[in-house]
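Here the structure is laid out as structure tokens; the discussion comes afterwards.
The values are calculated or read from the model by the stated rules, or taken from the named source; none is laboratory data. Keep in mind it's a predicted model, so treat the numbers as computed, not measured. Virtual Cβ from ideal backbone geometry, glycine too; neighbours counted across all protein chains shown. Note: areas computed on protein heavy atoms with side chains; ligands, DNA, RNA excluded. Shrake-Rupley method; radii C 1.70, N 1.55, O 1.52, S 1.80 Å.
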Amino acid sequence: MTHAPLPSSAARCAARLRALRSPQGFLPAMAVAIGVVLILSPFLATVVRSLLTGEEGKLGFGLGNFIGMFGNKRFWEAAAMTALMGAGATALSCLFGLGLAWIVARTDLPGRAGFDTLNLIPFFLSPFVGAISWTYLAAPNVGLLNQVIAAAGGPADLLNIYSVGGVIWVLALFYTPYVYLFVISPMRRMDPALEDAARAHGAGFWLTLRYVTAPLMMPALMSGALVVFVTSAGLFDVPLALASPHGIKTIPTAVFQVVQYPSDYGLAAAIGVMVMTVTVVITLMQRSYLSKRSFATVTGKGYRPRIVQLGRWKIAALGLEILYVGGGVVLPMAALVMVALSPLWTGKPDPSTFTLGNFEFVLFSHDLARRAMVNSLIVASIGATLGVVIGTLQSYYLQRGRSRLRTVMDAFLSLPIGIPGIILGLGFLVIALRTPLYSTLWIILIAYIARFLPFSTRGISAMLVSLSTDLEESARAGGATWLQTMRMVVLPLIRPAIVAAWLMLFVIFVRELGATILLYAQGTETISVAMVIMGEMSFGYVAALAVIQALLLVLAFGLFRLTRSAFLEA
Amino acid sequence: MADEGVRNFVRVESLCKSFGATAALKGVSFDVEQGSTVSLLGPSGCGKTTVLRSIAGLERPDSGRIAIGGEPVYDGARSLNQPPERRQIGMVFQSYAVWPHMSVAQNVGFPLKVRKAGAAQLAERVTKALELVGLQGLGERPATNLSGGQQQRVALARAIVHEPRLVLFDEPLSNLDARLRQQMRTELKLLQDRLGFTAIYVTHDQEEALALSTKVIVMNDGQVEAIAQPRALFAQPATAFVAHFLGFDNIFDGTVAAVGARDAGGAATVRVDLGVGTWLQCAWRRAEPPLVGAPVTVAFRSERAALASAPTAPRPAANVFCGTIEAAVYLGISIDYLVKCGSLTLRVLAPGECPLTAGAAVSVSVTAEDCIVFPRA
């Protein structure tokens, strides 16, 4: 037994530095370094700013901001409201998501494949536009649905979208696809023998559901629920549209208000530090929960799940689908289009007066709207491209690298997923205020990438991890360099994931509002910002702009479905 | 130097590698002659694949040296580690690693393409390689549109198309079904004889190792256990581990009772007491004779043992066990018997028409030539 002495730490260091000189070592490490900087800089900026108290110009270190925040009753009210809305939206999304996923994956409801697509459309639409559309539908007295109710003899203020319930409803509609996506794949890929075994050993349908199916779904459901809670509670746009008008404050809208003139950046930063801490704690708790239960339900084998014959329950299943697709897609889109086509929205659609005037105005005449569209397209396309390049290299580092930091980095780089956009925007605002980046498109672009890069990295990682390393190694053994192997083997094979990640980022960037709202300036407005600004002018212009944005998003969604199905067939 | 490059075309010296706290390789050394095929044989986890991947440059060992064709490609002391693409090798993977986004011809032509071969030369050599592996005319097929056996051939063609100086095989046949495996084994042997490439072949299948190689290296727990030519390895395994791995299924501990004189072939007859009233005469082929009373291990194959009905216990004799049949498993061509003999359980493979059944009193005999004896620590 001739055991060689372990290389000394100096030798290890030297070897690591040498490895960084090759493109294989350098490029992925560089991408990870960029990711770390993008996370740490707004975080540190927020922390530092939260500790600075006093007037601008003569700031001193102190805990005054935190003392002020904790002593403020309004802060606690906003925090409670945020938690309530997040919890309500999560509960409702889980109900919708579980139900719809089960219907599509495990029942014989006709048209399931079509519903699978329809259920995902809200994922791509903008919750902000959804909230605006729902004000057309369910504003007290004037909303279209309330008018229908009144015509049927009910009270005309039965539905009030400007309420906590309204916010929860709209959030749930738009966050249901998250739960749906999380639970449908284990539902589809679960080994049916696990359920059959329960049935064979004497458990009926409900007992099997309770003791076998539900526990097996739990990790996926919990993951989905946590993502929904963290992201919906941190969302800025829906409370802005539905809660702010009636003075209901949430943490994101409170931060927005605090930053408005006369700005109190210190207090805003203190709130930001709080939110980041809570989010990171929740995210880490989720990770430890999941690491304790990894069931082997998903074996990768192509199981065909048992299909439940619905019989008379078909009506109920169909009803749930219609409620969801109607509330999430059909009704808001129809209302939006009607408002956009009406020269003056009076609360009653009148097809005889429909005109394209609003579209003409925002597309050709209104400077702000035109500028916003150009800005959004520029930021979305450049941002998505940078996002997939960095994301691909990061996932290579995470899946193929040999660094010991991999697992730590995997957790660290995912952190922004839970951080509310407006909080991250605040961090970048604090940085930008002191640099030439202030009021440029660049700072918006940087904030977008920082916030949403994990989507790209995770999506591409998921495909890379299923790609056998043999395929790369055989290229290296066959004489290809690392760069050649990436170009000729790895990238072509993970192209579906790269395309999907690009479209995903494009969609998110086109509709983003939370991070933008604090960073835009005259000249760097985006479509969503323009909708906020024009909301004070005319319903029709906002609706027209929203329709144009929705068309962009639906186009991206269509392309996404195409690439995904092409990938599934391959 | 040139001659050195031929005799020790591949030279692996005291290779060590650990994964975390587990030592995968604990100083592995061997040489491969040019034009020969060497098998690395051993149970899973013995480190054979790590050795192969280190030779390919896909794994970086912790220390040691590797040279191909007289040229060092890895040297732990000098921190030298050539990337795989500069080692001029071909490699066949267990999973075939056929690229699903390329056609058969694109897969096979890849090594030429990255070496910037001209289009005409590339096409010609791809065609030739496809012919060699029996896939002529399938070049334009998508690579995923092939059966397992055909994908195996694509992987093989890709590994030899650029006429590499060394071809590495990582359990290439283990994913094929038994019949296809035999067929591919024969074809591989023919191809190798025809093209004369140097090959290193990793397998856990002893038949494959014996059939394909000029030299077999048996590995165990990160170390080389034995290096021998197939016939010698099969007939005279060097250690009890090798014997066990190569199908010696009757292995018993005993002590040396007597040592006889050496015969003309240099083998001494050794009498081993197994402690159950039975003793075995075995041929001792090692240079230094054993001491009386020394602990040893004896081994023989179940196919080489003879079974006979013995209703009345025969007179105790050398190399004869008496006992009763505990179980008989019918395998068609043969019957697999477990025979209980005192505290020992023997395995005997008898012809399929043997009428003996469980409970029968029998005797088992084995010749001295078929018994191998090893010193036991």
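Given a 1.4 Å probe and heavy atoms of the protein chains only, how would you sort A:I431, A:I132, largest accessible area at the top?
So the residues, ranked largest to smallest area, are A:I431, A:I132.
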Legend entry - Residue order for A:L552, A:L453 - accessible surface, 1.4 angstrom probe, largest first: A:L552, A:L453
Inset, instruction - For region A:385-524, list log₁₀ I(q)/I(0) at each q in 0.18, 0.21 Å⁻¹, using the Debye formula over Cα point scatterers of equal strength and ignoring solvent, two decimals each. - result: -0.99, -1.19
Inset, instruction - Between beta-carbons, use under 13 Å as the cut-off and find the net charge around B:A240, counting Lys and Arg +1, Asp and Glu -1. - result: -2
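Only sites in a loop by DSSP and with at most 10 other Cβ atoms within 10 Å count here; which trypsin sites (Lys or Arg not before Pro) in region B:112-188 make the cut?
B:K116
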Inset, instruction - Would you mind calculating the gained length between A:R400 and A:Y289 on full extension (0.36 nm times residue separation, minus the Cα-Cα distance), in nm to one decimal? - result: 37.4 nm
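What chymotrypsin sites (Phe, Trp or Tyr not before Pro) does region A:352-410 have in DSSP loop regions with at most 16 other beta carbons within 10 Å?
Here the sparse-neighbourhood loop sites are A:F354.
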Inset, instruction - Please state, as a whole number in µm²/s, the translational diffusion coefficient that the Stokes-Einstein equation yields for region A:45-122 at 10 °C and 1.306 mPa s, with Rh defined as the Kirkwood radius across alpha carbon pairs. - result: 94 µm²/s
Legend entry - Pairs beyond 25 Å (Cα-Cα), from B:K48/B:K215; B:K26/B:K215; A:K249/A:K348; B:K26/B:K189; B:K128/B:K189: A:K249/A:K348; B:K26/B:K189
Inset, instruction - Mind ranking B:D205, B:D177 by accessible surface for me, highest first, 1.4 Å probe? - result: B:D177, B:D205
Legend entry - Protein-protein interface of region B:77-92, residues with accessible area decrease of at least 50 Å², isolated chain reference, 1.4 Å probe: B:E85
Legend entry - Karplus-derived 3J(HN,Hα), 6.51/-1.76/1.60, for each residue of region A:268-277, Hz, glycine and proline x: 4, 5, 4, 4, x, 4, 4, 4, 4, 4
Inset, instruction - Pull out the extension gain between A:K73 and A:Q522, defined as 0.36 nm times the separation in residues minus the alpha carbon to alpha carbon distance; nm, one decimal. - result: 158.2 nm
Inset, instruction - Write down the Kirkwood hydrodynamic radius of the protein assembly as shown, to one decimal in angstroms, obtained as one divided by the mean of 1/r over all alpha carbon pairs. - result: 33.6 Å
Legend entry - Inverse mean reciprocal Cα-Cα distance (Kirkwood Rh) of region B:1-93, Å: 13.5 Å
Legend entry - Cα centroid separation, region B:232-257 to region A:413-440 (Å): 71 Å
Inset, instruction - Would you mind computing the Rg to Rh ratio of region A:396-467 from its alpha-carbon coordinates, Kirkwood style for Rh? - result: 1.08
Inset, instruction - Give the long-range amide H neighbours of B:V362: residues separated by 5 or more places, or on another chain, with amide H under 5 Å away, using H modelled in the peptide plane at 1.01 Å from N. - result: B:A310, B:G323, B:T324, B:I325
Inset, instruction - Could you tell me the convex hull volume per residue, in Å³, taken over the Cα atoms of region A:446-520? - result: 88 Å³
Legend entry - Label-to-label distance, nm, for residues given as A:K58 and A:D264 (7 Å Cα→Cβ offset): 2.0 nm
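Leaving out ligands, DNA and RNA, what percent of the accessible area of the protein assembly as shown is carbon and sulfur, probe 1.4 Å?
62 percent
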Inset, instruction - Positive end of the charge dipole of chain B (Lys, Arg +1 and Asp, Glu -1 on Cβ, about the Cα centre): tell me which of B:V38, B:G109, B:N145 has its Cα farthest that way. - result: B:G109
Inset, instruction - Post the alpha-carbon centroid distance, region A:216-242 to region A:456-474, in whole angstrom. - result: 28 Å
Inset, instruction - Note the per residue figure in Å³ for the convex hull of the C-alpha positions in region A:459-570. - result: 129 Å³
Legend entry - Over chain B: Rg over Rh, Cα atoms, Kirkwood Rh: 1.06
Inset, instruction - Measure off 7 Å from each Cα along the Cα-to-Cβ vector at A:S468 and A:L44, then give the distance between these two points in nanometres to one decimal. - result: 4.5 nm
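What area, in nm² and to one decimal, does the C-alpha convex hull of region B:193-351 cast on average over all directions?
Values: hull surface 51.5 nm².
Spelled out: convex hull of the Cα atoms, projected over all directions, averaged, 12.9 nm².
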Legend entry - Longest site-free stretch - chain B; sites: GluC sites (Glu not before Pro), DSSP loop, at most 10 other Cβ within 10 Å: B:141-352
Legend entry - Neighbourhood net charge (15 Å Cβ-Cβ; Lys/Arg +1, Asp/Glu -1) for A:A335: 0
Inset, instruction - For region A:70-213, restrict the atom set to alpha-carbon positions and state the Rg and Dmax in Å. - result: 19.9, 60
Legend entry - For q = 0.22 Å⁻¹, Debye-computed log10 I/I(0) when each Cα of region B:135-180 counts as one equal scatterer: -0.87
Legend entry - Qualifying aspartates and glutamates (Cα of each under 18 Å from Cα of A:K58; at least 8 residues distant if same chain): A:D264
Inset, instruction - Please give, to one decimal in nm, the separation of the simple spin-label points placed at B:K340 and A:A33, each 7 Å out from Cα toward the Cβ. - result: 7.2 nm
Legend entry - Average accessible surface area per residue within region A:233-385, 1.4 Å rolling probe, Å²: 52 Å²
Legend entry - Solvent accessible area, Å² - A:M217, 1.4 Å probe, full protein context: 10 Å²
Inset, instruction - Give the Debye-formula value of log10 I(q)/I(0) at each listed q (0.08, 0.13, 0.16, 0.18 Å⁻¹), with one equal scatterer per alpha carbon of region A:180-336, two decimals each. - result: -0.42, -0.89, -1.08, -1.18
Inset, instruction - Could you sort the residues of region B:51-66 by number and keep only those whose accessible area is reduced by 40 Å² or more in the all-protein-chain setting relative to the chain alone, 1.4 Å probe? - result: B:L58
Inset, instruction - Ignoring ligands, DNA and RNA and using a 1.4 Å probe, state the total buried accessible area between B and A in Å², rounded to the nearest 100. - result: 2400 Å²
Legend entry - Averaged over A:249-260, number of beta-carbon atoms from partner chains that fall within 10 Å: 0
Inset, instruction - Take region A:168-261, compute every pairwise Cα distance, and split them into 5 Å bins from 0; I just need the percent in each bin. - result: 3, 12, 17, 14, 12, 10, 9, 7, 6, 5, 4, 1, 1, 0
Legend entry - Residue-averaged 222 nm ellipticity for chain B, from DSSP H runs of 4+ at -39500 (n - 2.57), nearest 500: -7000 deg cm²/dmol
Inset, instruction - With a/c under 1.5 counting as rounded, go ahead and sort region A:323-402 into rounded, prolate or oblate using the C-alpha gyration tensor (a ≥ b ≥ c being the square roots of the eigenvalues; past the cut-off, prolate if a/b is larger than b/c, else oblate). - result: oblate
Legend entry - C-alpha long axis of helix B:178-195 to longest principal axis of chain B, angle in °: 60 degrees
Legend entry - Globularity index of region B:287-377, i.e. its alpha-carbon radius of gyration over 2.2 N^0.38 Å: 1.20
Legend entry - Residue-wise HN-Hα coupling along region A:237-242, computed from phi with Karplus coefficients 6.51, -1.76, 1.60 (Hz; x: Gly, Pro): 5, 5, x, 4, 7, 10
Legend entry - Positions from region A:480-510 whose accessible area shrinks by 40 Å² or more when the full protein complex is built, not the chain alone, probe 1.4 Å: A:Q484, A:M488, A:L493
Inset, instruction - With all protein chains present, calculate the accessible area of A:F26 using a 1.4 Å probe and round the result to the nearest 10 Å². - result: 100 Å²
Inset, instruction - Can you grab the distance from the C-alpha centre of region B:148-191 to the C-alpha centre of region A:151-173, Å, no decimals? - result: 69 Å
Legend entry - Whole-Hz couplings from phi, Karplus 6.51/-1.76/1.60, listed for region B:318-327; x for Gly and Pro: 5, 6, 10, 9, 10, x, 10, 6, 8, 8
Legend entry - Rounded tilt (10° steps) of B:119-132 against the dominant C-alpha axis of chain B: 20 degrees
Legend entry - Selected from B:V362, A:L405, B:A228, residue furthest toward positive end of dipole (the protein assembly as shown; charges at beta carbon): A:L405
